[in-house]
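Colleague: Below is a structure I'd like to ask you about.
Read-outs: derived from the displayed coordinates by stated rules, not from any lab. What you are looking at is a predicted structure, and each value in this text was computed from that prediction instead of being measured. Every residue, glycine as well, gets a Cβ built from its backbone with ideal geometry; the counts of neighbours run over all protein chains shown.
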Amino acid sequence: MKKILSVMLVVALSLSCVLMLSACGKNSQVAGTYEMVSISGTVTMNGQTVTLSEGLYDYYRIILNDDGTAKVESKGAGNTSVIEQEGTWEYEDNKVKLRSTTSGITVVEEMDWEDGTITYVANQSAQGMTISMTLILEKQ
């Protein structure tokens, strides 16, 4: 009985190691720095609408680290302030899920991933702001 139990334990540990390594392989394929190549859509706040374009930004990037941590960085054109948001990420079924927490509120944003390109489509409305945009980032 002890021998069967130990064999089952070894098999279970081996399977879990294989699953972890295959997940790491997927993450390492997706991990990297993604730079914005296209943004379109609108943001409306208090009746004012801004049409989004690449010219509004000096840069917009998403950094997905191998360890599951992430950072989103952006800087508006002609603006000295840099916006940085840290969080975590996971990848499954061609979807990248970014999770961040600010002031106790956790937000999960789901983005499509295909061949080194992230596509994020957002259609949201909250607190007097409406966002309708498509953001495309490519792995550098």
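Colleague: For the stretch 107-121, does any single residue satisfy the condition of being part of a strand (DSSP E or B), without any contact (Cβ under 8 Å) to a residue 12 or more places away in the chain and either touching a His at 6+ places or on another chain (Cβ under 8 Å) or of a type outside the set (D, E, K, R) (or both)?
Modeller: As a first pass, look at the stretch 107-121 and keep what is part of a strand (DSSP E or B): 107-114, 117-121.
Next, only the ones that are without any contact (Cβ under 8 Å) to a residue 12 or more places away in the chain stay: 107-108.
Applying the additional criterion that residues be either touching a His at 6+ places or on another chain (Cβ under 8 Å) or of a type outside the set (D, E, K, R) (or both) yields 107-108.
Checked against the condition, which is being part of a strand (DSSP E or B), without any contact (Cβ under 8 Å) to a residue 12 or more places away in the chain and either touching a His at 6+ places or on another chain (Cβ under 8 Å) or of a type outside the set (D, E, K, R) (or both), the stretch 107-121 yields at least one hit.
Colleague: Let me ask you something else. Would you mention how many residues in the stretch 55-106 are over 16 Å from residue 120 (Cα atoms), in a strand (DSSP E or B), under 14 Å from the mean Cα position of the chain (by Cα) and of a type in the set (Asp, Glu)?
Modeller: Here the count works out to 2.
Colleague: If the requirement is being exposed (fewer than 12 other Cβ atoms within 10 Å of the Cβ) and out of contact with any Gly (no Cβ under 8 Å at 6 or more places or on another chain), which of these qualifies: 38, 125, 74?
Modeller: None of the other options fit; the residue is 125.
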